[in-house]
Every structure is written in structure tokens, then in C-alpha cells.
Amino acid sequence: MQGEQLKAITRRYFFEKSAFGIGSVALASLLNEKLFAGNPGPHFAPKAKSIIYLFMAGGPSQLDLFDHKPKLNQFDGQPCPEELIKGERFAFIKGRPQLLGTPHRFSRYGQSGAELSNLLPHLARIVDDVAFIKSLHTTQFNHAPAQIFMNTGHQVVGRPSMGSWLTYGLGSENKDLPGFVVLLSGKNQPDGGKSCWGSGFLPTVYQGVEFRSQGDPVLFLSNPDGVSAETRRRSLDLLGNLNRTRFSVTRDPEIETRIAAYEMAYRMQSSVPELTDLSKEPESIRKLYGVTPGRPSFANNCLLARRLVERGVRFVQLYHRGWDTHGASNNEDIVNKLASLCRETDQASAALVQDLKQRGLLDSTIVMWGGEFGRTPMNEARSGSKFLGRDHHPRAFTMWLAGGGIKPGVTIGKTDDVGYNIVEDPVSVHDLHATILHLMGIDHTKLTFRFQGREFRLTDVEGEVIRKVIV
Amino acid sequence: MLSQLHTRAALAAVGVGLALFSLSASPASQTANSVDFERDIQPILKASCYGCHSKAQAAGQLRLDSKNAAMKGGISGPVIQPGRASESRLVHRLLGLGGEKKMPLGGKPLSEEQVALIRKWIDAGAPWPAQASGEDDGLPKHWAYVKPVRPKVPEVRNKAWVRNPIDNFVLAQLEKEGLSPSPEALRETLIRRLSLDLTGLPPSVAEVDQFLADKDPNAYEKLVDRLLASPHYGERWARPWLDLARYADTNGYEKDRRRSIWKYRDWVIQAFNKDMPFDQFTIEQIAGDMLPNPTTDQLIATGFHRNTMFNEEGGVDKEEAHWENLVDRVNTTGTIWLGTTLACAQCHNHKFDPFSIKDYYRLMAIFNNTRRDVRAYGDTSTKFVEPELELPTPEQARKREQIRSEISALEQALKTMTPELASEKAQWERGVVEAAADWAALKPAKAVSSGGSTLAVQKDSSILASGQNPETDDYIVEAKIPQRGITALRLEALPDPSLPRGGPGRDPYGNFFLSRVDVELLSSAGAKKLRIRKVLADDGRLNDKKFQQLWSVDASRDEKRLPRQMVLLLDAPAGSPGDTVRVTLHQTSEFGGQGLGRFRLSVTSSPEPERIVGVSAKLRSVLETPAARRTEKQEKDLTDYFLTVAKSLESKRKRLTALRKELDDLGIVTTLVMGEAPTSKPPSAIIRLRGSFTSPGETVYAGVPENLHPLAEGDSPNRLGLARWLVSKENPLVARVTVNRIWEQYFGRGIVETSEDFGTQGARPSHPELLDWLATEFVENGWSFKKLHRLIVTSATYRQSSAATPELLEKDPYNRLLARGARFRVEAEMIRDIALAASGLLSRKIGGPSVFPYQPEGIWDIPYNDDKWEESKGEDRYRRGIYTFIRRTSPYPSMLTFDAPSREVCVVRRVRTNTPLQALTALNDPAFFEAAQAMARRVLSEKEAGADDSSRAIYAFRLCTSRRPTQEELNQLLAGLRKERDYFARHEDEAERLVGQQPVGSALPQAQKVELAAWTMLSNVLLNLDETLSKE
């Protein structure tokens, strides 16, 4: 019978994949044999199995956190040299701006001697586990397109996000959870909207599933009021029987898939609440992250990310929005607001790396931290504002990465004396993507999907693996 | 795309699975020993060389797209020496030998395997078969670029089965494959299939019964006609078009604000209902505004290309934003009317299809002459704004004029000084200045800080903070009050040279943040908290609940730091001399370290304590300057302010506010439209190198792609000319692409599976002659959609049963040959519509503004946008899915889960997934569960449902599937029902909660809640049946 035959294909596929050392197959594919031709990876032995991407939406100021420029402080308040800004387009700066030194103190930390501002005391503890890339650059200087670009490799919506590519390529290792989970904190969703974790032209099963911090962690996970787990079980039994009866007439294999989807939904109803219940974590761990169970925060999301990765989720992406420190008001400057954002995120980000390490998970998990662009060495002074702030800067910004085959304790790339341009080892967004895919065992030129007559890939037609950042 | 997947699955089935994983390996590894030019070499040349070395752009005079030209070579002579790869310049250049740059310049080098293939091919004598010589035009003509010729209808053996020519084409192929068609589907199945396909709604039980009872041999055709005439037909067929048109209710991107363009959506629905011919449908949408004396409807139609996104971020470059709109318009046009991915040519000459980068920008130039105004946007940027059409009713237009003229008169009156006003102003000024005399400063007996600041009382009774600056701080001040009947307390925030930038606060900018103030009266009777009625201040922000803020100021722009004051009005006069007042100033802010630097407290018994804050802190300094010493600007500022508070103008101000609201409340509908700028020059566009806005190249002038048919005689290269060109009978693509999309809706897969791409990289048609026959038939029938639909649904092919047999599953698992009917899960909107229809909740209202059905909290959470989802009232909660408000960055969750796109860009083909999230949605989404509750009430109350379990179960089943359950299914339902009843009899509390507090649908006594709960769960199951969610 054909249903049996398709299941046989399913199984064979499953085992063939195992023979390649992956051990599992995408949740989506398990449920939908039509999508089986997904999962074309890995292409070689991976260094990492999972990724936790701490996306700092809004563009954190590299010059006040990572990229220390004493010259900038020396020339604080001086007009920006003409040759730097000639023909340059800015989002908000008008006329000839003034250079702005950082109001924060920098020191060196760890064996590696990495320089950090005093706003990141917790990251300072783990710098020797971290690689800093100070020479990232992007092509976009507005939030939505830059975030879409950072996530999908193209500035216009419509292409799959990195998490979608990875789950398409590698699947999930947990059959009760989606392979790509998104967690939000801070003010609002990111500027790029849900397309930041959209699947573009890939089937929607590969899009990021948002775990919400309030209400149901997954939309519609809870049964309606008055429907107990026992009642739900009875209704699924009846539903399954009726569907099977219909299958015996129509023989449409899609019916079997649907039965399996409903059963998985039922399992998720118990596995997801268990997963998101942080009160079960020991006090010491909650303290390490700075978690208050029940109060939504970036810290809660970091701890949740660790629990997701422990359970085999492929790609967890956290968004924390608010880094857009223009200095147009007190609420978005590099003095007050930046410090407050660091208080919200620094401890938990460092704790995540530390916690993964003590559990032996850091070797197989990449943690990456960064935004969609950097900020200018000049004070924006929008409409004459006296609050200190910087405009969007696509030419140079900093990210840090740790674990999963990333070389610990190194700094890649260098910017000029005022941090305006890159002078050493430029890294494009496509290079970053190529490197991440490489660590996950994927040749970025080979993870492709045919759409509108063309093979598309995350790195478009560019991208070089950054060897210097790899162990 | 899918075809590849299937092939692979099929390969796996025959056991060659391991090879599947090299799917991205280079061609070399797949090659047997001999090299085949068309299979192995031409694709490499196309992908890596044609960009610069083909007819469109023969760099170095070398072309590799034509046999003769390639063998001749370029400027430096021959590049291919047949039989001698090592001596061929082509190979040298590919390897970067001889000190020359490696080819392809700026492109990705060829892999070793690819170079090896080329060497092998040259060594083998460079065989180049004639059919691939590319001698005509550099590219072999791909089938889709040749105008369809009406094919002969093929002969078939089983003539009795044929109902119309579609069946000849399908059956001819089946007979060739040795397959026979499936029997006709049951009539219940047919009416449900037809209703879903033609109206998007399931048939009612009565409609099913009527059809079953109709013994007329033309019953089926009558049904088709009735459904095609239904006003719901337009709603159903508008949906796929709106995916193409990327219709949505918001702008997209960061702020993603609302836009009003639903009139366009309604125009599409009405155009389908009127069966507007597709050529007219096209022309009105692309260039309705350019038709002679366009009607309002024709203007509304041009909303089609106004559905582009609009990025309102402050930093967006308006030229670039406009350019991105143009890119979207060109790409969308190419996709819909040419079935072609023009987007490739945005960056380079199309590698596979006959479109050059010039063609692309010529098309762009056509769209580049639209009317657009520059408008200031926010306080920092300007943007291009395209036209908006106001659609007032005559009554609205009359009222608007009336209101506008009254408003302008009032505005004038409110800014004109009169002698009477001048004297009122003088009096007002005195009052404000003299108010200071009402206040007595408190002499602090105690001033302490909880956070560790040092507080010192100054000579003027103010308190100065210094020393440590803690994250959060509470100041506690106690002082004796000098009088009885205190009506208010005043807090002055004062500058001081010891504070950062002069204060008055302690943060790095000299600002402070006060989160709360507590006032207590300590008397012989004990401590009593005084209630505060109102808080007023002469500057800064007051009472922002979101930030738990009472008062904060921004002093950073003061030329010289100014004092500021806040007044706390007490609920009732309090205190007598000798009592002590204790004031606690709480200072907890998001950022920390934002305490007051220097401040003073005072009290008053004045009945008008608010007078002291009658002017802003800035104006107070002007007021305190004698009139003669004020600058002109200062005097003007003061006058302007006075006019906004003058008591004698109060009624005028109120009237103005009311009028403005009235104007808003008129609710004049607007819609986005296109307009053409008057021009004497041909429209042009600048080529952007590598598709990058920041790399401008040469300028090209409006025109259509050179390798397709020319513009019609007399037509200009503008939008109207383009629209006519797109639907020209000479266009080889348009009719094929269009009928194919329609076919896809019926059968789940187009005749060309890649319905978005008919180019050389797209899938080959499964029934090429059928496609051409349908395309020519469509045009001959005057581009009528309704005729096309009738043709398809009255074919025997369409009427087949969708049940598969083991033989069919074996030979044609994906039903490419159509030896059975299609069976697939319906689209997102239909999922909703079916549940609403079965439950009886559905509103059949057509058109109007988009609606807001139930949506969980917290879905809309947009940066710089506080817009809230406010659930619609009444029947608007139960409207069809097509009317649900679409916010691009946060689409309606259940639609998204069932694969509806976000409408940010044109989507031709929705994917169809089957996931646990869909299960959770259909089971638990309150919108769906409400349908189950309503359906239970319906089944228990409607007469047609009968009165016993059996007949009710049958009725419920029919509401969802349109057919009667088999005996086996009925037994399962009844057994399930008994279990539910047993359970809820034992768990009445659950039953009570389950049926809901607010009865939905028809009301029933709560006494029957166990019964209701049992039927609700049964309905929940039935609404989730695979069959309910599918079209069979």
C-alpha cells in the first residue's frame, strides 16, 4: 500500500541521514514527506550543533562598548575630518558633525587582554572564551533593511532567514520541538518585523516559531477553558479514528501526516510548558543569569535558550530591542540608556556562555552577540540635542562570538584611529554567514534552494569563511 | 522545484538514496565518461560567461553563446582549439595563466571539476551540436517565448468519457501511459468541491439536498452557473490576485503604520464578480489613471502598484526608497504578466532568459514618471509621497467645506490681538507674577537621603544634594507649616553651579527624574497621608504611567539653566500652624543616578494655587522681565502663549477642538492611487550597476524588452502603452501564465508547476498542448475568467473522484497525469470561512474596511507605533478571511500558520504545509473554538438537525463535510458522544467553563450544559477533520 510505501521512504531517508552522522531529521520533514528533499546537509563534520544568536536590535554602539579609540576622546568635540564624510549618506546627521569621545571607561581583561568598557563587567569575566570581530560591515543603514539583511543576506524581505536555512539544511534534533525558536525581550518586536525569522521562499515549516514570554509560550498551546488534557486526549482519539477511516477510502498520505501533526501538537502541550518552566532551575542558576521566573526579561530568555539547546533545538534567536542610541532624548543616549541596556543584558549574556561551558555544551553551541550595524564616531546632535548619541554606522561595527568551534580569546579586525573605517580584515555579513554555516558543517555555496528559476543561498553570490576566527 | 523533490523521493524508493546527498555537487561528479555539450558545458558557459560574452554584451568581442562566434574568438583571436585544450586561450584564462586575470572577472572562479569538463570537451574536438548552436539570436528560443498556436484537439479511444476538449488532452496522455481516469466523484463531493472552488464557502445542508434532489440532466451545469453568479465568487477569486498584488493594510517595515487602500481590494472583488475581461482588468490596474476621462473606479484600480511597501524610518533616503518601489513594480509586473523573473536583470543580463539589464531599466523608466510630492516627514526627513484619492459622499463633501471655513475663521480669531485682549493680557501677567507672594517656603527641620546622598539646607531654605550619587534615592524632608488650611505644596527644582552642567538634577546632563511624592501631615493626632488631587508643572513631563514617572525635565537645552516648579494640589485644605509636614521624594528611574540636585518646598493656602504654574518656566523668565526690556521675540512668544490660555477665548478654543474632531469623524474614505507626471521628455531611468542603488551607470529611456514583441503602433512607452503591451495578443506569455495560475487553484499544481517562472529554468509543462489550447481559448473567449472557470469545472477531468488507487499511487503518486481528482488542504482564508460557515457564525457582508476578529494579546508590538488591535464588534468579528486586517510585520497568526504570506512582496504560489502549529490553531484558537461552541448550539437547536443523537450527528457531520457519514463513521461519532457525555456528567464544572459564559450563536438554557459540552467537543473534532480542512 502506498501509505506504507511512503512511510518506508520516510524511514529509509531517516536512516540514510543517520548514516551521514546527523542522527535525526527535521521535525517538519518527519511530518511531511513532500519536504523530504530539505536537509541537504551537513556537507562535512560540523563543529557546532546549535546556535544561540543574541540579536541586539537597534545597533549597539561599538565605540562605547568594545572598540576603544583614545584618539576619539582626544579630539572630542572637534569637527569630523572632511575626507571621512565626503559623499557619505547618514540616516540623521546633517551638515558637518563633531567627533564624540566615549563617556565610558575602558580597561583590559583576562589573559587575552581584551578591551571592554566598564558597562560590561560580566562579559569582562568571560572574555577569554570569546572572539571579537571588530571589522564587521554591512550595506544598509536603516534598521528594518539592515536587520533583514543581517538575517537573510538580502535587504528586501522575501528570502529565508539564517535559522530557516539551517533547519532546512540540518533539521531539528528534537521531534517535539521546532528547530528554530525566537524569543523577544526589550521594547517591541525588531524593526524588521517577523520577516527577520521568516522562511522566505522556503516552506513555512522552516520559519522561526516565536515563544512568547506572556500567555501561552506557543500560540494556542493551551486547551480552551474547560478542556482538560483528558478531554483533549479523547477528542484526538476520535479525530484520529475518523481520519483513519477516511484514509482507508481516499488513501491520501497527507491524512497520515495530519494525524502525526495532531499527535505532536498533543506532545508539545506537555513538553513546552515543562521546557519554559524556569522555576525548576536551581536558585544558583537563576542567580547566575539574574532570572526572576514569571517576569519576562532578556535573562529569562537566555536561560530558556540554554534549555532549548539542551533539548536539541538547532537555532535559538533572542531579540533585545532598544540599542538605537541617537541621543535625541534622554531615553536613547549613550550615557544613560546604553548603561541601562547593558544592565539588562550583560549579566545574562555572560552567564549563558559560562553555563553552557560548565555543562560541556559550549563546544557544540555557538553563541553570537551583535546588532544590525554600528554607530558613528560623531555626535549626532539631532536638532541640536545636547544628549550624547551616535547615528547609524554601517562601515564598521563589532560582534562577539563564543563556543562551537570559535577560537576563544581572539580579536579579529581593526578600525582606524577614530573607528570610522576598517583598516584590517574586513568581514561582510555574507562572510559572517558563511562562517556560521561552515561551523555547522555546511558549505555555504552548496546549501541552495531553487526558486524562480535560480538557485538561491544565504550568502547570495558572496561570502568567504573567516578562517581566523575558527579553531 | 517540487518536481525535483518528487524525483528524488522516487529515486530513494528504488534504493539509490545515497546519491541524493550530493545534490549540490558540481556537474562533474554526476558525469559519465563522455562530455555532452548541452548537458555539461553550455550550463557552465551560461552561468559563468554569458554575463559578459554573449550577444547582449560581447566583451573583448567574444561571444560564447553562439557556435560560430565562439569558434571565431574575440579581439585576441580564437579561444578554442578543438582537440587541444592545453593550447586553448579559454582554458588559460579560466585558470588565470600567462599573468592575465582569472576569468570570470569579478565572478566566482570555476571549480576544478568544471574546468576539467571544459578541457575534456575541447580535447574531444569541442563538439557543438547544431540544435544548440544559438545562431538565430544568441539564445535558443525557449517554448514559452514562442506565441502559442492553438493545437489540434487529440483523438482518444474512450470518447464517452470526454465532456470537453480539456478531457481529450488529459485522456490522450493517460491512454499513452496505460491509465484510465477515475469515476466521477459523489454528488455531495462535487457540490462541496465546486462551492469551495467557485465561492470559497462550503455549501449549506439545504443546498446539498437541493442538488441531490435535482434530477435534471443539467443539474450540475445549473449549479455551476448559480455559483459563478454568486457575489462570493469575487471574494474567492480575489484572494489569489491579492497575493500577487501584495495587498495589505499597512506600510510595512519598521513603523508599519496603517494605510487605507481597502477600496482597491473591493475593486478586485467587484471586477471578478462583473467578469471584467482580463485585458481590461490589467489596463485599469496598471494605467487606469491614464485612460481618457478615467472613472473613479478606474482610479481606484491603480492602487495595484501602490501596494508597494513604504519605509517610514527617519533615516531613509527618499530617492533610494522610491527606487526600491520601482524595483518592486518592475519585478511584480514581470512575474504576473510574463511569468518571468526579471529581478535577475536588475543586476546583470539575465543568464538564462532573453532579458538584458537595459531591458530591465527601460521597464523601470516606464514606472519612473509617476506623480510624487516631497513631503516633510517627522522633524528630520523628507519623503516622496504618491497621490491619495479622497472619496467623500456628496453629503460629506458639503459638510467638509462648511467645517473647513468655520475652522479657518476661528484659527484667525485665535491669533489676532484686540485692545480687549491686550488689557486682559496685562491683567493676566500681573496675576502670574503676583502669585509668588501666595507661597511660603518651608524651613526644613530634617532632610535625609535613603540612598546616601548628602543633603544640606541652604540659606534660602532650598536643599542641595552632593557627595555620592546613588542609583535610586528617596529624600525625606520635614518642616513645620506656617499657616492653616494648606491647599497645595510646591516643589521648585533649582539650578546650582555645583551640579552637572548646572543642574537642577544630578544625572550627567543635569536632569532629574522624580517617580513619586508622598505628603504626610504629622500632628498631635498622629501621621496622616494627604491625598493629592492634581499635579501641575511649568515644564517637563508629568505622570507618565508607562515609566512610573511623576515629573522629569530636560534642562539640557537651556541657554542658562532655569528654575522649574511643580505644584501638588491637595484633595482638601489641611493642617494648622505647628503641624509638621513630611515630604518624601522618590527618585527611581530606568537609568539611575537621577536625583534632584537642588530643590525647595513651599506651601500655600491660596484658593488658586495653580496660578503659579500659569506659564512655562521659560516664559516665566520673560514675564519677570519688565515689558520694556523684552525682545520682540520674547514678547511675541508671550503673546502667543497668552492667546492659548486667555479666558475670554475659551469658548472659541473649545469650538475649534470640536470642529476638528467633527472633521475627523466625517470618516471620508481615502485610497492610494497612481498619477502620471506631465512630461515632454521620454521617461528615463539610471542603470544601477550590480543592482546597487549607490552605483549609478548610464541612463536609458522607457521601452519594452527587446526580445519580446514591440509596442503596438501608436502606443507610447508609458504605463498605458506597457499595460496594452502586456495583454497584447502578441505576448506569448500572458495567457499561458494566467490560465496556468487558475489551473493551479483547481488542481493544486499548475500545468507548469513553477507558476512563477516560465523561463528556461522553470519546470516544463506536464500538458504543453493543453496549456496552449487553454491559453488560446481564454483569449478567444474575450479574456473572460468566468468562461474559463466554467470550461474547467465542467470537464470530466475536474469531476473525477479524488480517491487514489494503489495502482495510481504507484504510477503517479503526485497526480501529475490527472487520472484522479485533486485532494488537498484548503488555503488559510478558507479554513476560517469553513469553520464560520459550519458553525453558522459567518457574516456574508461583502466589502468595506478591513476587520479585526479575535486575536490573542501581544501580537501587535511594533516599534514607534502604539497602534492597538481592537476587536471588531458584532458581525464584523465573523467576516470572511479575506477581510481580516493585514499588518505586514505582524500578520494575523492563524493565517500565517496556514501558509498565508505577509503580503510584503508578490507571491504567486503559496506553499502548503501540514504542521503541529496548525493543529494547535484549529483546535484551540478561541476563534475556532468559538465556532465549535456555536456549532454545538446550532446542532442542538435547529429543527433540520432532528432530535435524536443519530440524526444530530449526521447533521453535524454534513455541516463540515457536506456528505453523510458512513455507518462506521456514525458509530464512531456516537460512541465518542457517549464518552463525552459520561465525562461531563462527572465533571460539570468543566462543562460549565467549556460552554462559555457568553452564549454565542443561538441561546440555550444553561441546564443543558453537559449536553452542550459534549456536542461542543464533538463539533471541535468535526471542524478539525482532515476532510473538513481539505477539498476532496
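Among residues of region A:142-154 being more than 9 Å from chain B (Cβ to nearest Cβ) and assigned to a loop (DSSP other than H, G, I, E, B), the one that is nearest to the chain's Cα centre (by Cα) is A:GLY153. Every condition in (1) surrounded by fewer than 20 Cβ atoms within 10 Å (Cβ to Cβ); (2) among the basic types (Lys, Arg); (3) modelled with pLDDT of 95 or more holds for B:ARG736 except the one numbered (1). Take B:LYS845 and decide whether it is free of Cβ contacts under 8 Å to residues at least 40 places away in the same chain, surrounded by fewer than 22 Cβ atoms within 10 Å (Cβ to Cβ), more than 14 Å from every other protein chain (Cβ to nearest Cβ) and not hydroxyl-bearing (Ser, Thr, Tyr). Considered against the rule, which asks whether it is free of Cβ contacts under 8 Å to residues at least 40 places away in the same chain, surrounded by fewer than 22 Cβ atoms within 10 Å (Cβ to Cβ), more than 14 Å from every other protein chain (Cβ to nearest Cβ) and not hydroxyl-bearing (Ser, Thr, Tyr), B:LYS845 comes out as yes.
In this structure, is A:PRO121 surrounded by fewer than 24 Cβ atoms within 10 Å (Cβ to Cβ), of a type outside the set (Asp, Glu), more than 17 Å from the chain's Cα centre (by Cα) and more than 10 Å from chain B (Cβ to nearest Cβ)? Yes. Checked against the criterion of being in a loop (DSSP other than H, G, I, E, B), touching a His at 6+ places or on another chain (Cβ under 9 Å) and within 30 Å of B:ASN740 (Cβ to Cβ), region B:62-78 has at least one qualifying residue. Checked against the criteria, B:LYS358 does not count as of a type in the set (D, E, K, R), under 24 Å from the mean Cα position of the chain (by Cα) and more than 11 Å from chain A (Cβ to nearest Cβ). A single member of A:ALA351, A:ALA328, A:ALA339 is hydrophobic (A, V, I, L, M, F, W, C), out of contact with any strand residue (DSSP E or B) (no Cβ under 9 Å at 6 or more places or on another chain) and not in a helix (DSSP H, G or I), and it is A:ALA328. Scanning region A:382-395 for residues that are farther than 14 Å from A:ARG89 by Cα and within 11 Å of chain B (Cβ to nearest Cβ) gives A:ARG382, A:SER383, A:GLY384, A:SER385, A:LYS386, A:PHE387, A:LEU388. Of A:THR139, A:THR102, all but one fail to be part of a loop (DSSP other than H, G, I, E, B), touching a residue at least 40 places away in the same chain (Cβ under 8 Å), surrounded by fewer than 20 Cβ atoms within 10 Å (Cβ to Cβ) and among the β-branched types (Val, Ile, Thr); the exception is A:THR139.
Considering each residue of region A:203-221, count those that are facing another protein chain (nearest Cβ under 8 Å) and either assigned to a loop (DSSP other than H, G, I, E, B) or not hydroxyl-bearing (Ser, Thr, Tyr) (or both), and give that number. Step through it out loud before you land on a result.
Taking region A:203-221 and keeping what is facing another protein chain (nearest Cβ under 8 Å), we get A:203-205, A:209, A:212, A:214-216, A:218-221.
If we keep only those that are either assigned to a loop (DSSP other than H, G, I, E, B) or not hydroxyl-bearing (Ser, Thr, Tyr) (or both) as well, we get A:203, A:205, A:209, A:212, A:214-216, A:218-221.
Of the residues in region A:203-221, 11 are facing another protein chain (nearest Cβ under 8 Å) and either assigned to a loop (DSSP other than H, G, I, E, B) or not hydroxyl-bearing (Ser, Thr, Tyr) (or both).
Looking at B:GLU401, B:GLU406, which is the one that is more than 14 Å from every other protein chain (Cβ to nearest Cβ), part of a helix (DSSP H, G or I) and touching a Leu at 6+ places or on another chain (Cβ under 8 Å)? After ruling out the rest, the residue left standing is B:GLU406. Condition first: farther than 25 Å from B:LYS845 by Cβ and in a helix (DSSP H, G or I). Now tell me which residues in region B:267-283 satisfy that. Selection gives B:PHE278, B:ASP279, B:GLN280, B:THR282, B:ILE283.
Here region B:848-880 is the region considered, the condition is being buried (at least 17 other Cβ atoms within 10 Å of the Cβ), out of contact with any Phe, Trp or Tyr (no Cβ under 8 Å at 6 or more places or on another chain) and not in a loop (DSSP other than H, G, I, E, B), and the residue that is nearest to the other protein chains (Cβ to nearest Cβ) is B:ILE862.
Quick one: which strands (runs of 3 or more DSSP E) sit completely within region B:582-689 and have at least 2 residues that are within 30 Å of B:CYS344 (Cα to Cα)?
Strands (runs of 3 or more DSSP E) meeting the threshold: B:684-688.
Counting only helices (runs of 4 or more DSSP H) that sit completely within region B:881-996, those holding 2 or more residues that are within 30 Å of B:VAL752 (Cβ to Cβ) correspond to B:893-897. Restricting region B:38-61 to residues that are of a type in the set (Ser, Thr, Tyr) and either part of a strand (DSSP E or B) or out of contact with any Gly (no Cβ under 7 Å at 6 or more places or on another chain) (or both) leaves a set whose member that is modelled with the lowest pLDDT is B:SER54. Taking region A:422-450 as the range and being buried (at least 20 other Cβ atoms within 10 Å of the Cβ), within 9 Å of chain B (Cβ to nearest Cβ) and assigned to a strand (DSSP E or B) as the test, only A:PHE449 passes. Filtering region B:790-809 to residues that are facing chain A (nearest Cβ under 10 Å), in contact with a helix residue (DSSP H, G or I) (Cβ under 7 Å, 6 or more places away or on another chain) and not in a loop (DSSP other than H, G, I, E, B) leaves B:PRO806, B:LEU809.
A:PRO70 satisfies every condition listed in (1) within 13 Å of chain B (Cβ to nearest Cβ); (2) surrounded by fewer than 17 Cβ atoms within 10 Å (Cβ to Cβ); (3) on the phi < 0 side of the Ramachandran plot; (4) of a type outside the set (Phe, Trp, Tyr) except (1). When B:ALA365, B:ALA345 are screened for being among the small types (Gly, Ala, Ser), crowded, with 19+ Cβ neighbours inside 10 Å, at pLDDT below 85 and under 30 Å from B:HIS53 (Cβ atoms), only B:ALA345 passes.
Just to be sure I understand, how many residues within region A:436-460 are among the aromatic types (Phe, Trp, Tyr) and in contact with a strand residue (DSSP E or B) (Cβ under 8 Å, 6 or more places away or on another chain)? So the answer is 2.
The rows are residues; the columns are (1) more than 7 Å from every other protein chain (Cβ to nearest Cβ); (2) on the phi < 0 side of the Ramachandran plot; (3) at pLDDT below 90; (4) surrounded by 21 or more Cβ atoms within 10 Å (Cβ to Cβ).
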| site | (1), (2), (3), (4) |
| --- | --- |
| B:SER894 | yes, yes, no, yes |
| B:ALA900 | yes, yes, no, yes |
| B:THR915 | no, yes, yes, yes |
| B:GLN918 | no, yes, no, yes |
| B:ASN924 | no, yes, no, yes |
| B:PHE928 | yes, yes, no, yes |
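On the basis of being assigned to a loop (DSSP other than H, G, I, E, B), in contact with a helix residue (DSSP H, G or I) (Cβ under 8 Å, 6 or more places away or on another chain) and either crowded, with 20+ Cβ neighbours inside 10 Å or in contact (Cβ under 8 Å) with a residue 60 or more places away in the chain (or both), does B:GLY451 make the cut? Considered against the rule, which asks whether it is assigned to a loop (DSSP other than H, G, I, E, B), in contact with a helix residue (DSSP H, G or I) (Cβ under 8 Å, 6 or more places away or on another chain) and either crowded, with 20+ Cβ neighbours inside 10 Å or in contact (Cβ under 8 Å) with a residue 60 or more places away in the chain (or both), B:GLY451 comes out as no. Which residues, counting only those in region B:707-756, are within 30 Å of B:SER802 (Cβ to Cβ) and β-branched (Val, Ile, Thr)? Hits for region B:707-756 are B:VAL737, B:THR738, B:VAL739, B:ILE742, B:ILE751, B:VAL752, B:THR754.
Taken together, the residues in region A:241-264 that are at the interface with chain B (Cβ under 7 Å from one of its Cβ atoms), acidic (Asp, Glu) and in a helix (DSSP H, G or I) amount to 1. Residues that are over 30 Å from B:ASP507 (Cα atoms) and within 9 Å of chain B (Cβ to nearest Cβ) are absent from region A:287-308 altogether.
The values are calculated or read from the model by the stated rules, or taken from the named source; none is laboratory data. Only a predicted model underlies this, so the values are computations on that prediction, with no experimental measurement involved. Please note: Cβ atoms are built from the backbone with ideal geometry, for glycine as well, and neighbour counts cover all protein chains shown.
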